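Only one structure is covered here, and it is reproduced in the block below.
Each value in this text was obtained by applying a stated rule to the coordinates, not by laboratory testing. Keep in mind it's a predicted model, so treat the numbers as computed, not measured. FYI the Cβ positions are ideal-geometry reconstructions off the backbone, even for glycines, and counts take in every protein chain you see.
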């Protein structure tokens, strides 16, 4: 046992994906990330190599050559697939090996697992099936704002040493802005904490709305829009299993109603794709889109830079939180306060999906 | 099991303090360390946040907000306490939460564990109770030399990747000076090894005295005092569970008797607070005080600099020793030699305290 | 269990060597490495300190002072042995302590394990016995090319975070050159993969020969020898348990036969001593010797530099391979292809030696 522990020191054992909701689309990355090199990523305990073939097709395969286990992500992308960097075996997007240099016969077993992937709205979605090789049973989510001429956007991704649901918690309660993000999108802590939070749920979606008229415009807002001393600010958060959409912004007081979806003013539309890597780590793929004020210079780059900074502040907090959770162990319970309603709804949705899945797994066994 | 091992990789699980002597004062730090930021430290497997409130009170709390587990040491110090950096809950030195922003009612459960602390002689002492919340049953130790006008002192602290008792061993036998510390306080190895060592014990205190007349003054001594080729040197070491006091120095030959507590000459008074962090790591809080020769320039800064260098040499040796102990495992026994008498006494005192404690624990169970 | 796991975090527990073939000579290093400092190395789970006494004798002892467990490799080399850097105990090459400063009597138990070592052809060989203290039952291997005036050589050593047999696999099939080493000794991938491979075995030796007439001379060859567009190239690999000898080179087409051991042309003679460190790590001691063309400047330094670069490319591939093996676990099987014949022979030899050893161990138990 000890020996085994040593052997896997610092290594995440890959394998079972059933600790996560399956038969779901998850975000695998952004279109802009797929250049001429394969990318190694682990999703739900599955090691995957992502690549775009020379012929333009996006593909996702098990990241392990079936010959001697070198990651295929150490290889090279060619017109027809990805070639292993050790002895040159070539794999098609289907997972089938289509060339073994120096050997005529290609055994049927010379293949690796393939995943269904879809490229849509400049996002790469991967289908994580309950049964290996099963086809997707629904369409990948839409996110039209990446293609909407009203907005420009930038994106990034952060690796988290923390389980994915801690990011859900963070995003479903933006009252932390006044404590964590004072340099960018923070604003007035007390106003945030005291604003009424409206939480609704429809099926497996949770929606949290907080309206803050008479708010102090935070630095990021002031840099992008000619606000005065106050603004009427809104936060609309929509949770879906694989990602959250957060629409925030503000209008000048006395102009549009802040609960009118056709309101004007400054808009920030955040996309937050959170994909479990392992039980204790995850990927956070984010984009931020905003609109430009007609009389102010284009500043999407600055908005994205500040967003990257802000999301990194969250990462520091969440990783410190998780480290502390590990150190104190399970007996250290959480005390709920008023801001936790939305996050707790999302947790119940994930729990229910997992319970259903386990029930089916057991029935099948 | 494997999964669990991975999850806690590089993480020290916090919890049981009963592997260490309890109902004892331990050193938590020096007064000079407590500025306007909280400090995170682990003592006897308990994660603690230390801070001085804006009102000047030193406090020590469990380092975990009861809401969502962020370390309170990631927060900020205010007049009345420490405020969590995630959602702003404010805690008083008593451990009670005294504000939840945006929520009127504060549940009684909104509190964290508090530790008794005392600030005395510019040292912060923390009481580690056997029963959670129990009051100290004795006074914190005195160390008047920090406040004695004859001396100036400087202090530091080192984190050790080694169990605390290896530092006791090191300090209770200074014969290693001739091998480890030739650049500073070393001196003549053979003279050290051959000098008679007088070991006495009174209750839970051990005293080791070694007198070395006709010794070669080492570099640190020569830099501080106008010694000639030889000096009469003494080493007096007093072990207490939580700290050692080491009084070393030398007089010019033919002046004072080296076993007279009122002797003149050059004096170095070392304070060595050794506080277990976990079973395998510890804190080493040290200070060094020395007196000034009337005809030589003030050089306490140089004495402290050389002390810091010397104690770092010890750290390298002790960490290498412990690493080797781990690698060779328990079957690699130690062979005692003549210099080990004092250290072995101290080990017996710690063992006896732990045995008594376990007996009481079992009787209570 | 959990606690134990933490304690040994990042630590390789030292101990049983029976997971490796014993009663064998292994490479411990090169003569050029042994200067005036002791060297700490672990072979087959045994921590060893290597040193050359002031009197010139090469010695290998257990790397742990029997007093307080400091590694002897933290000490200093003297005329008669190695002195511990903590309290000064001095050990002879026999492992016996021959001085305890300040103590007259030296207990018989004051000794550490000693290993038989031989220095031969500028290589240090260490005998890893099945029974502690048993004498070698055969001579250390010869490697005369280090002393052959036809060649000059340079050497290096790499530490591998991978088990030793993955390097055997790599060296016994040079078809990876066309994928991994294009910048130095690569050449034409398809020519390599399609060349006939001749594998023979004699006792516990495996020999792999591949002849590639009409090959493209790779960069390292062109820098050392005035080849034109093609050359007739050979690769002769000899596997022994403790090391491989690889004789590669090329002649100009139409001159000597490439399977004639007296052929001329450009020669590279690689020595590859692979010594297990632990079950999951190993040492790779290599040297590269080559001959000089009469009309070209001496370039052994450049050959060695390119060799070091090439072998580092292998290390990156093999460590990535092993990491992936750990992550995918044992259920991820390997599919053999045509190039694996030699490597599989070597694996069977090692397996057979281990089976025999286990049988003897069990009979003895």
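Secondary-structure-derived ellipticity at 222 nm for the protein assembly as shown, considering helices only, amounts to -7000 deg cm²/dmol, per-run term -39500 (n - 2.57) for DSSP H runs with n ≥ 4.
Springs join every pair of Cα atoms under 10 Å in this Gaussian network model of chain A, and among A:135, A:277, A:238 the largest mean-square fluctuation is at A:135. Entry note: the stretch C:129-234 has Rg to Rh equal to 1.04, where both radii use alpha-carbon atoms and Rh is the Kirkwood radius. Can you tell which of A:132, A:302, A:204 shows the greatest fluctuation in a Gaussian network model of chain A with Cα springs below 10 Å? Top of the fluctuation ranking is A:132. Summary value for the stretch B:14-128: 27 percent relative contact order, contacts being C-alpha pairs under 8 angstrom separated by 6+ residues. Across the stretch B:144-354, the relative contact order, built from alpha-carbon pairs under 8 Å that are at least six residues apart, equals 27 percent.
Rounded if a/c is under 1.5, else prolate if a/b beats b/c, else oblate: with a ≥ b ≥ c from the C-alpha gyration tensor eigenvalues square-rooted, which is the stretch B:43-92? Oblate, since a/c reaches 1.5 and b/c is not below a/b. Neighbour counts of other Cβ atoms within 10 Å put A:244, A:191, C:316 in the fewest-to-most order C:316, A:191, A:244.
In terms of its C-alpha gyration tensor, the stretch B:244-306 comes out oblate, because a/c is 1.5 or above while a/b does not outweigh b/c.
One compactness figure for the stretch C:112-174 is 1.44, namely its Cα radius of gyration divided by 2.2 N^0.38 Å. How big is D, in µm² s⁻¹, for the stretch B:144-354 by Stokes-Einstein at 4 °C and 1.567 mPa s if Rh is the Kirkwood radius over C-alpha pairs? D, rounded to a whole number, is 73 µm²/s.
Would you work out the relative contact order for chain B, in percent, from Cα pairs under 8 angstrom that are 6 or more residues apart? So the answer I get is 16 percent. Extents of the protein assembly as shown, taken as max minus min of Cα coordinates on every principal axis and listed largest first, are 95, 94, 59 Å. Overall size of the stretch B:54-136 from C-alpha positions, given as principal axis extents largest first: 41, 28, 19 Å. The long axis of helix A:341-364 is offset from the longest Cα principal axis of chain A by roughly 20 degrees. Listed by Cβ neighbour count within 10 Å, with the fewest neighbours leading, B:36, B:314, B:336 appear as B:36, B:336, B:314.
Here, chain B has an Rg and a Dmax of 22.7, 76 Å when only alpha carbons are counted. Inter-chain neighbour count for A:66-79: the average number of beta-carbon atoms from partner chains within 10 Å of each residue's beta-carbon is 5. Our Cα-only numbers for the stretch A:40-192 put the radius of gyration and Dmax at 20.5, 72 Å. Output the 0 to 90 degree angle, nearest 10, between the alpha-carbon long axis of helix C:300-328 and the longest principal axis computed from the alpha carbons of chain C. Roughly 70 degrees, rounded to the nearest 10.
Put a dot 7 Å past the Cα of residue B:104, heading toward its Cβ, do the same for residue A:32, and the two dots end up 4.8 nm apart. Plainly put, the stretch B:307-365 has a radius of gyration that is 1.12 times its Kirkwood radius, both from alpha-carbon atoms, as the Rg/Rh ratio.
Between Rg and the Kirkwood Rh of the stretch A:187-252, both from Cα atoms, what is the Rg to Rh ratio? That ratio equals 1.04.
For a quick check, take a GNM of chain A with Cα springs below 10 Å and name the residue from A:174, A:44, A:326 with the largest mean-square fluctuation. Maximum among the listed residues: A:326. If you take the Cα centroid of the stretch A:244-323 and the Cα centroid of the stretch B:100-128, the two points sit 36 Å apart.
Taking only the C-alpha atoms of the stretch A:249-365, Rg followed by Dmax gives 20.0, 65 Å.
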